[in-house]
1. Pairs needed: first member in segment 429-451, over 13 Å from Met342 (Cα atoms) and in contact (Cβ under 8 Å) with a residue 40 or more places away in the chain; second member anywhere, open to solvent by 60 Å² or more (accessible area, probe 1.4 Å) and part of a loop (DSSP other than H, G, I, E, B); C-beta distance under 7 Å; at least 6 residues apart or different chains.
2. Within segment 296-304, identify whether any single residue is in contact with a strand residue (DSSP E or B) (Cβ under 8 Å, 6 or more places away or on another chain), closer than 24 Å to Asp42 by Cβ and surrounded by fewer than 22 Cβ atoms within 10 Å (Cβ to Cβ), and answer yes or no.
3. Would you mention how many residues in segment 126-160 are touching a helix residue (DSSP H, G or I) at 6+ places or on another chain (Cβ under 9 Å), more than 25 Å from Leu77 (Cβ to Cβ) and not in a strand (DSSP E or B)?
4. Can you tell me which residue in segment 181-194 is most open to solvent (accessible area, probe 1.4 Å), limited to those that are farther than 15 Å from Phe205 by Cα and at pLDDT 95 or above?
5. Counting only residues that are without any contact (Cβ under 8 Å) to a residue 40 or more places away in the chain and either in a helix (DSSP H, G or I) or under 19 Å from Ile385 (Cα atoms) (or both), how many does segment 329-358 have?
6. Anything in segment 45-61 that is out of contact with any helix residue (DSSP H, G or I) (no Cβ under 7 Å at 6 or more places or on another chain) and polar (S, T, N, Q)? List them, or say none.
7. Of everything in segment 121-151 that's out of contact with any strand residue (DSSP E or B) (no Cβ under 7 Å at 6 or more places or on another chain), over 22 Å from Asp70 (Cβ atoms) and in contact (Cβ under 8 Å) with a residue 40 or more places away in the chain, which residue is least open to solvent (accessible area, probe 1.4 Å)?
8. Which one of these does Arg251 not meet: (1) surrounded by fewer than 17 Cβ atoms within 10 Å (Cβ to Cβ); (2) assigned to a loop (DSSP other than H, G, I, E, B); (3) not β-branched (Val, Ile, Thr)?
Amino acid sequence: MKKLLLILLTSSILTVSCKNEQKDTKEETNEIAKDSLAPVSDEVMESAVIYEVNIRQYSPEGTFNAFTKDIPQLKDLGVKVVWLMPMYPIAMKNRKATGEKSIEDITDTIERKKYLGSYYSISDYSAVNPNFGTMEDFDKLVETAHENGMYVILDWVANHTGWDHAWITEHPEYYTKDKNGEITDPINDATGEPWGWTDVADLNFDNEGLREAMKQEMLFWVKEHNIDGYRADAAHSVPTDFWEDVSADLREVKPVFMLAEAESPKDLFHNAFEMGYNWEGHHIMNEIAQGKKTAKDWDDYMKKIDTTFEDDDYLMNFITNHDENSWAGTVKERMGDASEAMLAMSYTIPGMPLIYSGQEYDMDKRLRFFEKDTIPHQKGKVYPILEKLGKLKNENAALHGAKQAASYETLETSNQENILAYERKGGGSELIYLANMSDQPVKFTVSIAGDYQDYMANSELQIEEGQEMEFQPWEYKILTKN
């Protein structure tokens with residue numbers, strides 16, 4: 001009997017030991033899987049492309065899962081950072097509908113259901129919009145991105161909440177008050193008048209309780225859902241010292257990537273943010289395409305950048321994004337026949353190029369902002385161009401654009417007014433961008449000579465010293481020389 005008990009006891013111990021070993025192995029495997037993507041680093045961002053995802057409009061379903069299945073193909077476009085537009089629950093009170101209307105102005109039940117509101121009117125920072133799916137669906141999106149070598153950053157709206165956020169009743173001291181002591185929507189500091197963002201309530205960062213609460217909300221997504229950083233909406237509207245404080249705490253958890261929707265104040269980029277928006281450069285691109293400015297204006301802008309930004313500051317370059325598309329117009333509306341030249345330019349200047357949902361599919365419509373819409377998914381002219389540009393950005397050190405950016409030098413031409421010519425050098429590679437930034441054919445000479453690869457045409461090009469060239473309207477070339 002004692003012998004039998006000893007055998008049973010030994011068997012139990014071995015079983016428990018085996019289970020513990022299996023558990024340890026499983027935990028170790030999970031840890032390896034979790035860390036399969038190298039931490040965010042400055043080196044990775046030198047050659048990165050960023051993709052802005054509008055979950056609501058990305059697919060007919062408008063769900064996390066519909067986007068997740070397409071993540072692997074973003075590798076074809078050189079994408080290394082996925083930026084998710086706000087995917088939190090949207091406030092119902094004062095919800096924007098269309099024009100000057102709010103949801104309260106619409107009495108028809110069926111009509112009310114059409115209006116999904118602004119992504120930027122948030123009722124809960126630590127939940128997902130149920131229209132997009134579940135938290136598990138969100139986690140699967142992040143996991144899939146990581147498996148495909150991409151980092152995920154969330155759009156963070158720190159300067160205001162929706163009117164039915166719990167803080168409205170639980171912590172009214174968190175909010176900005178008007179002269180009557182009532183919570184107010186955001187005010188334009190320059191005019192003292194409201195911006196017209198009536199669907200949101202302005203937060204007051206003079207309140208220490210708010211600062212701590214907001215920080216904890218941001219830490220939640222990094223700690224609990226393994227995201228890799230944030231895009232800060234209207235970052236300039238929130239005190240820089242808040243961003244510095246929260247960024248430091250986030251980096252205690254893991255390395256993160258921080259994008260500010262701002263290009264000033266410059267101290268945003270000292271400690272808090274890696275990258276800002278190239279708003280001024282974008283507007284100059286629009287104006288060149290519309291004949292209001294010239295290539296020389298771009299040269300002047302780049303000289304200004306040299307004097308106003310520090311060496312390790314860098315900007316996100318774009319020809320469209322969610323604001324521009326919905327409110328200012330499509331790429332074709334704003335840039336017309338210059339669209340491709342501007343797209344190539346956005347990839348070859350210092351900084352990081354952006355692709356906005358639908359841009360890769362030649363989208364030529366303004367997406368509805370408060371209602372359901374859907375981007376096209378038919379590959380046309382732009383997709384293969386983005387593939388080539390993405391590969392070039394990822395692989396050619398002359399296009400490094402972050403904290404250790406390759407050099408940028410304006411080249412002399414016989415027509416500085418209309419011909420844009422610059423050279424990038426880095427890591428033993430050279431690259432030249434050459435473009436006719438006008439709607440007329442232009443003959444010119446440029447201060448280069450030698451044998452080059454015409455990258456986009458996949459052909460060789462020999463340029464002799466003093467050789468006259470002729471470019472058609474908006475014609476461009478990317479010349480490489482390794």
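1. Ser429/Asn482; Asp439/Gly291
2. The answer is yes, given that some residue of segment 296-304 is in contact with a strand residue (DSSP E or B) (Cβ under 8 Å, 6 or more places away or on another chain), closer than 24 Å to Asp42 by Cβ and surrounded by fewer than 22 Cβ atoms within 10 Å (Cβ to Cβ).
3. Residues meeting the conditions: 9.
4. Glu182
5. Matching residues across segment 329-358 total 4.
6. Within segment 45-61, just Gln57 meets the criteria.
7. Looking at residues that are out of contact with any strand residue (DSSP E or B) (no Cβ under 7 Å at 6 or more places or on another chain), over 22 Å from Asp70 (Cβ atoms) and in contact (Cβ under 8 Å) with a residue 40 or more places away in the chain, I get Tyr125.
8. If we test Arg251 against (1) surrounded by fewer than 17 Cβ atoms within 10 Å (Cβ to Cβ); (2) assigned to a loop (DSSP other than H, G, I, E, B); (3) not β-branched (Val, Ile, Thr), just (2) comes out false.
The values are calculated or read from the model by the stated rules, or taken from the named source; none is laboratory data. If you're wondering where the values come from, they're calculated on a predicted model, not measured in any experiment. Neighbour counts are summed over all protein chains in view; Cβ atoms, including those assigned to glycine, are modelled from backbone coordinates with ideal geometry. Just the protein is used for accessible areas: all its heavy atoms, side chains included, with ligands, DNA and RNA removed. Shrake-Rupley method; radii C 1.70, N 1.55, O 1.52, S 1.80 Å.
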